[in-house]
């Protein structure tokens, strides 16, 4: 009697036990996009870095204009103007006003910026004096009021996006400590595999997909190989892959067939397991360590390899890169239902339609034949993960979805 299959969650947990975050390194911001911070990042400089004007106007001492009004403006001596990038001006004395542009440093002693609109001339002219009156706000952005010096601007395990990099630059950082990129070796197994432009055999689409998916997660490809259904060939491929990789991902050879070698090799390896997982497609899975390198052996069917990467390899890569090791799930309301049987998680390709008034989310292709519907699975903008306890999905039902690479 065969043991009960693993759930997707329990098998994912077993896979994640194989991997830990890679060592950290310091990189320039230009090289940090998509990388994961190795520790909390602190601001080197405050934001703003100095007191500066929030609008164009005149920097003055509030006491000099406290009694002024539109009808009885204060008349102050005009000094040389200052603008963004100007050296810090001298301290302001009583009875003086400095023409100031947005972002320019506020002179010491000034505690108010009067907008240009609250002057009798309404412009920056060359007169020796200016007549003005105060508004309701001081119009000064104070040093550090947005981000204090040494404040934490990003926690550890943050995946750096464009805005994060801009924030680091704005707080005075030109580099950041991040985890090293995972290096992945890809092996496709099977005597039937041929290059995509061959006229016979089965095109090796798995290698193309896996390499692109790894790169989309900011990983690096250490090597790519095709191994025939031969024990010596597979051992050589695994030995070579393990020499320069943080993770090996193979496809094919995890079923019960006589030529399915990868599953047997993985099961006999340290921390090895040949498993059945309650999911469709992607039921057969295997993993282990080859010469110390974590190895995920995925099914060879292209759609099964695809969903297996999303369910198991993506979280492993996220953890290697320093993240928490969980793929991001969202939820969508299904517009058109689909029939199914409970007992396994079903990965169903979804199409998203938009018109002027609404958005519809519906199964793409034939959901009952998802394991063979390569074109639907690879074209779908979303993939539903229908829970093992769910039979038919009804219109209006909320289901978990992933947005694949």
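The values are calculated or read from the model by the stated rules, or taken from the named source; none is laboratory data. Everything numeric in this text was worked out from a predicted model, so none of it was measured. Backbone-built Cβ (ideal geometry, glycine too); neighbour counts: all protein chains shown.
Scanning the stretch 222-230 finds no residues that are part of a loop (DSSP other than H, G, I, E, B), at pLDDT 95 or above and in contact with a strand residue (DSSP E or B) (Cβ under 7 Å, 6 or more places away or on another chain). Criterion first (over 30 Å from residue 32 (Cβ atoms), modelled with pLDDT under 95 and in contact with a helix residue (DSSP H, G or I) (Cβ under 7 Å, 6 or more places away or on another chain)) does residue 122 satisfy it? Answer is yes for this residue. With respect to the conditions (1) more than 30 Å from residue 390 (Cβ to Cβ); (2) surrounded by fewer than 24 Cβ atoms within 10 Å (Cβ to Cβ), residue 283 lacks only one, and its number is (1).
With the condition kept exactly as written, say whether any residue in the stretch 326-337 is farther than 28 Å from residue 20 by Cβ, touching a residue at least 24 places away in the same chain (Cβ under 8 Å) and touching a helix residue (DSSP H, G or I) at 6+ places or on another chain (Cβ under 7 Å).
no
In the stretch 184-213, which residues are touching a residue at least 60 places away in the same chain (Cβ under 8 Å), within 20 Å of the chain's Cα centre (by Cα) and not in a strand (DSSP E or B)? Residues satisfying the conditions are 209, 210, 212, 213. Residues that are in contact with a helix residue (DSSP H, G or I) (Cβ under 6 Å, 6 or more places away or on another chain) and closer than 29 Å to residue 151 by Cβ: does the stretch 99-115 have at least one? Within the stretch 99-115 (the criterion being in contact with a helix residue (DSSP H, G or I) (Cβ under 6 Å, 6 or more places away or on another chain) and closer than 29 Å to residue 151 by Cβ), the answer is yes, since at least one residue qualifies.
For the stretch 307-320, indicate whether the set of residues that are modelled with pLDDT of 95 or more and either at positive phi or in a loop (DSSP other than H, G, I, E, B) (or both) is non-empty. Scanning the stretch 307-320 turns up no residue that is modelled with pLDDT of 95 or more and either at positive phi or in a loop (DSSP other than H, G, I, E, B) (or both). Scan the stretch 162-170 and give yes if some residue there is over 16 Å from the mean Cα position of the chain (by Cα), surrounded by 13 or more Cβ atoms within 10 Å (Cβ to Cβ) and within 26 Å of residue 59 (Cα to Cα), otherwise no. Yes: one or more hits.
Restricting attention to the stretch 111-120 and to residues that are in a strand (DSSP E or B) and touching a residue at least 60 places away in the same chain (Cβ under 8 Å), the residue that is surrounded by the fewest Cβ atoms within 10 Å (Cβ to Cβ) turns out to be 115. Of all residues in the stretch 215-237, those that are in contact with a helix residue (DSSP H, G or I) (Cβ under 7 Å, 6 or more places away or on another chain) and touching a residue at least 40 places away in the same chain (Cβ under 8 Å) total 6.
The set of residues in the stretch 270-280 being crowded, with 18+ Cβ neighbours inside 10 Å and assigned to a strand (DSSP E or B) consists of 273, 274, 275, 277, 279, 280.
Conditions (1) within 29 Å of the chain's Cα centre (by Cα); (2) surrounded by 24 or more Cβ atoms within 10 Å (Cβ to Cβ); (3) within 19 Å of residue 206 (Cβ to Cβ), marked per residue:
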residue	(1), (2), (3)
233	no, no, yes
240	no, no, yes
243	yes, no, no
248	yes, yes, yes
251	yes, yes, yes
259	no, no, yes
264	no, no, no
268	no, no, no
